[in-house]
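Presented below is the structure to which this report refers.
All of the numbers you see were taken from the coordinates with simple rules; none came from a lab. Every value quoted in this text rests on a predicted model; they were computed, and no experiment measured them. Cβ placement follows ideal geometry from the backbone for every residue including glycine, while neighbour counts extend to all protein chains displayed.
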Amino acid sequence: MGQVSKAPEARPMVTRPCDGLYLEGAPVVDWVSLESRYGGKPQFVVRLLKTVLQVHEATAENLRAAVRAEDFPRIVLISHGVKSSAGNLFADGLRVRALRAEHLARDNDPSGLAEAELLAGDVEHWLGAVQRRMALPMFGSSQ
Amino acid sequence: MMANGPLILVADDQADNLLVLEELLEDRYRVLCVGDGLQLLDLIEEFGPPDLILMDVVMPGMDGFETCRQLKAAPATRDIPIIFLSGLDGSGDEEFGLSLGADDFIHKPFVAAVVLARVRNLLARKEAVRQERQIAVMESQLAEQRQQAQMQQQLIDRLTILNSELERFTYIAAHDLREPSRTLVNYGQLLQKSLAGKLASTEQDYLDHVVASARHMYDLVGGVLEFSRSPANLGVLQPVDSGEACQAALDRLGGLIETSEASVSIGTLPWVEADPMALLQIFQHLLGNALKFHRPGVAPKVAISAERQDEDWQFCIADNGTGFDAANQDPFELFRRAHPRDGYDGVGVGLAVCKRLLQALGGRIWAETTLGEGSRFYFTVKAVGLEG
């Protein structure tokens with residue numbers, strides 16, 4: 001290798017205007033923790049990220065459809081899955097959002113619909129960050 | 001995946017969760033992944049129970065709780081340790097999972113080291129239980145073997161008593177029968193003398209048959225008597241000069257040696273652990289046969305030798321006599337004569353007595369023979385200074 005790769009985005013990542021779940025400028029995924037957890041196995045991290053992209057390819061769309069249908073059990077199920085994957089990728093903000101959506105939907109709380117809508121956006125944002133990360137040559141730098 | 005080591009089944013409906021768990025476990029364990037409870041049950045049915053199951057709760061098809069319930073209900077799978085690994089965060093979920101028989105409940109997101117530690121602990125506990133069961137099974141088998149050994153010993157004791165009673169009966173019967181048979185012979189012979197020349201030819205033949213048969217009966221009963229008391233007379237085993245025993249036997253057979261014009265050669269014979277009378281008896285029977293069963297017109301040649309074989313001395317008594325048909329008869333069986341229809345004396349007891357005595361001495365006896373050329377009788381006796 002012998003060369004240092006740079007992140008393609010020079011400006012800091014900022015999520016949507018948020019409600020305190022994300023800190024401005026903080027990464028969606030804690031890449032340092034993720035790479036530290038799988039230190040020495042960059043190929044595995046690539047495989048994991050690819051898997052997450054595949055698993056959640058339709059998640060945002062499905063979530064929004066569930067919101068439109070006010071299908072709370074469906075929202076619970078999808079949020080639960082997002083929460084789990086967010087945990088795998090050290091995406092704590094997303095995990096907390098998914099947890100909140102899951103709880104509200106489980107209680108059939110109408111505010112759960114809005115929370116699920118926000119979660120759908122967060123998922124898209126998260127997957128975008130993952131895709132950008134994968135564009136880096138073997139994760140040579142941190143975001 | 002490891003080739004050996006405990007097998008862990010992981011059930012989770014999300015591919016990334018399976019990937020993360022497989023990566024965590026595969027360095028230490030064999031790992032198989034499935035997507036829901038139904039697949040997990042199918043896999044167990046096909047390949048048998050794993051050593052441990054790591055399972056999500058929220059899964060499509062059959063969820064973790066139902067899967068756990070079914071596993072714990074079946075005798076073949078109820079002992080498999082189960083760890084729930086779930087994103088469910090209500091305390092009721094954990095309590096419910098454990099109430100179904102699960103061994104542990106880990107909340108997602110999990111700490112890798114904690115998952116590994118709990119897996120390790122459960123596997124160790126399972127192994128300990130397995131070993132305890134194995135020990136219990138072995139102890140049970142041991143107890144059964146002891147009981148069988150005890151029963152066998154009781155049987156041996158009973159058979160020993162019965163055998164002893166039978167030997168005593170045989171001895172008494174033979175002893176009591178011998179006297180009247182001798183009387184029969186004696187009076188028969190007296191009749192032969194007093195009626196000599198006075199009987200018709202047929203009557204004389206009848207009388208001769210009576211005497212000959214009485215004589216044969218006397219010899220047979222004598223044989224039974226000797227056979228029955230042969231091991232009973234055995235004393236404590238002690239160092240015995242086999243050369244001296246052999247010479248004593250030859251002395252007793254002096255008349256036969258002289259009349260048959262036999263030549264006897266004796267090699268260096270060792271001291272052995274035996275009963276002196278028994279050894280003398282063995283030599284006497286074997287040498288007597290070697291001298292007796294010679295070919296007509298051929299003087300007997302007998303050679304006695306011994307060579308060390310491990311802990312025993314192996315003796316050989318070789319002759320140039322008639323030999324016998326070894327394929328069709330066991331000469332060591334009681335009343336089984338090597339030469340049943342010839343003119344030689346004997347009732348077929350000597351070799352059976354030798355076999356019995358040698359068994360009692362811890363040795364054995366066998367023969368090699370060629371019809372018309374001679375025989376070699378071998379027997380072994382323990383060397384001096386060795387314990388059986």
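Summarise the partner chain shielding of B:22-30 as one whole number: the mean count of Cβ atoms from other chains within 10 Å of each residue's Cβ. Kindly include the intermediate steps, with their values, before the conclusion.
On the way: counts 1, 7, 2, 0, 0, 0, 0, 0, 0.
If you average over the peptide's residues, the count of other-chain Cβ atoms is 1.
Once you have the alpha carbon radius of gyration of the stretch B:1-141, what is it after dividing by 2.2 N^0.38 Å, with N set to its residue count? It would help to have the intermediate numbers written out before the result.
Numbers: Rg = 14.8 Å, N = 141, 2.2 N^0.38 = 14.4 Å.
That ratio works out to 1.03.
If I take R0 = 56 Å and measure r between the Cβ atoms of B:E368 and B:D79 in this structure, what FRET efficiency does the formula 1/(1 + (r/R0)^6) give, to the nearest 0.05?
Numbers: r = 63 Å, r/R0 = 1.13.
Calculated value: 0.30.
Can you compute the modelled spin-label distance between A:V96 and B:M277, with each label point 7 Å from Cα toward Cβ, in nm?
The answer from the label model is 10.7 nm.
Below 8 Å, C-alpha to C-alpha, sequence gap of six or more: please give me the relative contact order for chain B in percent. Working shown, then result.
Numbers: 584 pairs, mean separation 37.0, N = 388.
RCO, chain B: 10 percent.
Mind checking A:75-88 for the average number of partner chain beta-carbons within 10 Å of each residue's beta-carbon? Let's see the in-between values first.
On the way: counts 0, 1, 3, 0, 1, 9, 6, 2, 5, 13, 8, 3, 8, 9.
Mean shielding by partner chains, rounded to a whole number: 5.
Using the Kirkwood formula over every pair of different C-alpha atoms, what hydrodynamic radius in Å results for the protein assembly as shown?
Working: mean 1/r = 0.0305 Å⁻¹.
Mean inverse Cα-Cα distance, inverted, gives 32.8 Å.
Would you please give the residues with an amide H less than 5 Å from that of A:A91, counting only those at least 5 places away or on a separate chain, with H modeled from the backbone geometry?
Counting only residues 5 or more places away or on other chains, the set is A:D30.
Tally Lys/Arg at +1 and Asp/Glu at -1 over every other residue whose Cβ is under 11 Å from the Cβ of A:S111; what's the total?
Details: positive: A:R100; negative: A:D107, A:D109, A:E115, A:E117.
Spelling it out: positives minus negatives among the neighbours equals -3.
Along the Cα→Cβ direction, 7 angstrom out, place labels at B:Y171 and B:A326. What is the inter-label distance in nm?
Reported label-point gap for B:Y171 and B:A326 is 3.5 nm.
Any of B:K301/B:K355; A:K50/B:K126; B:K198/B:K292; B:K193/B:K355 with alpha carbons more than 30 Å apart? Name them for me.
A:K50/B:K126; B:K198/B:K292; B:K193/B:K355, as the Cα separations exceed 30 Å there.
Could you list which residues have their amide H under 5 Å from that of B:Y29, counting only those 5 or more apart in sequence or on another chain, with H placed in the peptide plane?
Long-range HN contacts for B:Y29: B:M2.
Can you tell me the length gained on complete extension of the stretch B:E45 to B:Q131, counting 0.36 nm per residue apart and subtracting the Cα distance?
Values: separation 86, 0.36 × 86 = 30.96 nm, distance 2.45 nm.
Gain in length upon complete extension: 28.5 nm.
Ranking request for peptides B:12-23, B:73-84: highest mean number of other beta-carbon atoms within 10 Å first, then the rest in descending order. If you can, show how the numbers build up before the last one.
Values: B:12-23: 21.9, B:73-84: 16.5.
The peptides rank, most packed first, as B:12-23, B:73-84.
Which percent, nearest 5, of DSSP beta bridges in the protein assembly as shown are antiparallel?
Details: 26 of 46 bridges.
So the antiparallel bridges amount to about 55 percent of the total.
Run the dipole for chain B about the Cα centre, Lys and Arg Cβ at +1, Asp and Glu Cβ at -1, nothing else charged, and hand back the magnitude in debye, nearest 20.
Numbers: 34 positive and 56 negative charges, 538 e Å.
Around 2580 debye, computed over chain B.
Using per-residue counts of other Cβ atoms within 10 Å, averaged over each peptide, order B:59-72, B:112-125 from highest down.
Details: B:59-72: 19.1, B:112-125: 15.0.
In descending order of packing, they fall as B:59-72, B:112-125.
Need one number: nm distance between label points at B:Q147 and B:A124, each 7 Å from Cα along Cα→Cβ, rounded to one decimal.
3.7
Using amide H atoms built in the peptide plane, which far-off residues or other-chain residues are under 5 Å from B:A274 H to H?
So B:A274 has HN proximity to B:Q238, B:V240.
Run the numbers for B:Q247 and B:Q204: contour at 0.36 nm per residue of separation, minus the present Cα-Cα distance, in nm. Walk me through the intermediate numbers first.
Values: separation 43, 0.36 × 43 = 15.48 nm, distance 4.33 nm.
Gain in length upon complete extension: 11.2 nm.
I'd like to verify something in chain B: which complete DSSP H helices, judged by Cα projection on the helix axis, reach 18 Å or more and average at least 0.5 on the Kyte-Doolittle scale?
Numbers: long enough: B:112-194 (119 Å, -0.44); B:201-229 (42 Å, -0.22); B:276-292 (23 Å, 0.72).
Counting only whole DSSP H runs, the qualifying helices are B:276-292.
Step through the residues of the stretch A:95-100 one at a time and calculate ³J(HN,Hα) from phi using the Karplus curve (6.51 cos²θ - 1.76 cosθ + 1.60, θ = phi - 60°), rounding each to whole Hz and writing x for Gly and Pro.
4, 5, 4, 5, 4, 5
Peptide B:290-296: average number of partner chain Cβ atoms within 10 Å per residue?
Counting other chains' Cβ atoms within 10 Å and averaging over B:290-296 gives 0.
Could you work out the local net charge near B:L358, counting Lys and Arg as +1, Asp and Glu as -1, over the other residues with Cβ closer than 12 Å to its Cβ?
Numbers: positive: B:K355, B:R356, B:R364, B:K382; negative: B:D275, B:D312.
Here the charged neighbours net out to +2.
For the ranges A:89-97, B:326-334, B:134-142, what's the packing order if you count other beta-carbon atoms within 10 Å of each residue, average per peptide, and put the highest first?
Values: A:89-97: 22.9, B:326-334: 14.0, B:134-142: 10.0.
Going by the mean number of other Cβ atoms within 10 Å, highest first, we get A:89-97, B:326-334, B:134-142.
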